[in-house]
Amino acid sequence: MNKSVDFRTLCVHAGELKDTQHGGATSPIFTSTSYAFNDVELKQYPRYFNTPNQRGLCEKIAALEGAETGLIFGSGMAAVSTALLSHLSSGDHVIFQDDIYGGTRNFIKREFPKYGIEFSFSKGLEASDFESQIRTQTKGIYIETPSNPTLKITNLKEISSLAQSKSLWTMIDNTFASPVNQNPIAYGIDIVIHSATKYLGGHSDISAGVVLSKKSIIEQIFESAKNLGGNLSEYTVWLLERSIKTLYLRVQAQNNNALFLSHFLEEQDWTDRVYYPGLENHVGHHIAKEQMSGFGGMLSFDLASGLDTKKFLLGLELVKPTMSLAGIESTALSPRLTSHALLSEEERQAQGITEQMVRFSAGIEAIEDIKRDLLQSIAKIK
């Protein structure tokens, strides 16, 4: 599809498959796992990530991120692990941003030693913090911005420039931002990863992941992906393609609600701190303003000392105290007990993840109803 087409139109029409038999308005589902192999240009097989629905969905998401192509996986961690393992071998070294998703950090610490892959975590978010970790065997830099759950912001241009000057590749987990708010490839980042379970799926009923880049890099990742498995079923591929059609509308509503809530929460005497890059007092606000078109639907806040986080979460009636994020319904959780439970207490404290922290995923409900629910829950425990 023409690159000049508006983002909203790409959400609806990029990568759609034509119903040539009946002229239906939506993409048909090709459920077969067995395709012809004689005298064909493309031998299609689900584990080769090239069935009709898989290819159509990759085209759609690549268009949204400004990538040449991509691969669709069964989960965000399948995407993360395959992308990393396809670019690293025994003796290689990679630098990770210290503030990353707990599942990714756990994968690195548990699995990399088995492969003889070395790693280090940055001491900060400045390019100099990453540069100080570079060794002769360093192959790449992996970042996440905004970060989960403290919403820290990393400068994409600076990291990209550093990596290019040192002949290193760059990867980013762009899940928290979504393609609506941030397109890292435009800032020189090589590989973009999403947990499509989150904003791309958007309805809390899909598990998927995606890796996006230029064709040559995706071909390299594919060589590992076809051996590791992790492909997505055709039914889920179709559901994800359908969900993305409303991506722009959903994320814009979530952006608006999160921004409003961040200001609201800052004014409350029952919160000690609010983490949201849309706030002018956020340390990364100016960087976020430059590289993001919206500040996202995720925020976190610390309840005031003495307030019981568990009781607050259980007291919610509209907002759901459940794991995961980015669905159309608002959800809240304790990162200490969920997304970052696999970290040590020392690691959590170093990142500012305390028992008072609440991670909030803004849904698309009326903002007054969300506010009312937060207030009624806090009233029960004050």
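The values are calculated or read from the model by the stated rules, or taken from the named source; none is laboratory data. Everything numeric in this text was worked out from a predicted model, so none of it was measured. Because the Cβ atoms are built from the backbone with ideal geometry, glycine has one as well, and the counts that use them run over all protein chains shown.
Details
- Enumerated helices (runs of 4 or more DSSP H) restricted to region 293-382, each holding at least 3 residues that are touching a helix residue (DSSP H, G or I) at 6+ places or on another chain (Cβ under 6 Å) and modelled with pLDDT of 95 or more: 367-381
- Criterion (of a type in the set (Lys, Arg), surrounded by fewer than 22 Cβ atoms within 10 Å (Cβ to Cβ), assigned to a helix (DSSP H, G or I) and out of contact with any strand residue (DSSP E or B) (no Cβ under 9 Å at 6 or more places or on another chain)) met by exactly one of 110, 47: 110
- Candidates in region 3-28 are the residues that are within 26 Å of the chain's Cα centre (by Cα) and of a type in the set (S, T, N, Q); of these, the one that is farthest from residue 252 (Cα to Cα) is 27.
- Against the numbered list (1) within 15 Å of residue 69 (Cα to Cα); (2) touching a Phe, Trp or Tyr at 6+ places or on another chain (Cβ under 9 Å); (3) β-branched (Val, Ile, Thr), residue 175 comes up short only at (1).
- Residues that are crowded, with 20+ Cβ neighbours inside 10 Å, touching a residue at least 40 places away in the same chain (Cβ under 8 Å), of a type in the set (Gly, Ala, Ser) and within 20 Å of residue 273 (Cβ to Cβ), drawn from region 331-366: 339, 361, 362
- Residue 147 being in contact with a Ser or Thr (Cβ under 8 Å, 6 or more places away or on another chain), assigned to a loop (DSSP other than H, G, I, E, B) and of a type outside the set (A, V, I, L, M, F, W, C): yes
- Any hit, region 204-220, residues being assigned to a loop (DSSP other than H, G, I, E, B) and touching a helix residue (DSSP H, G or I) at 6+ places or on another chain (Cβ under 6 Å): yes
- Restricting region 81-118 to residues that are closer than 20 Å to residue 223 by Cα and of a type in the set (Ser, Thr, Tyr) leaves a set whose member that is farthest from the chain's Cα centre (by Cα) is 90.
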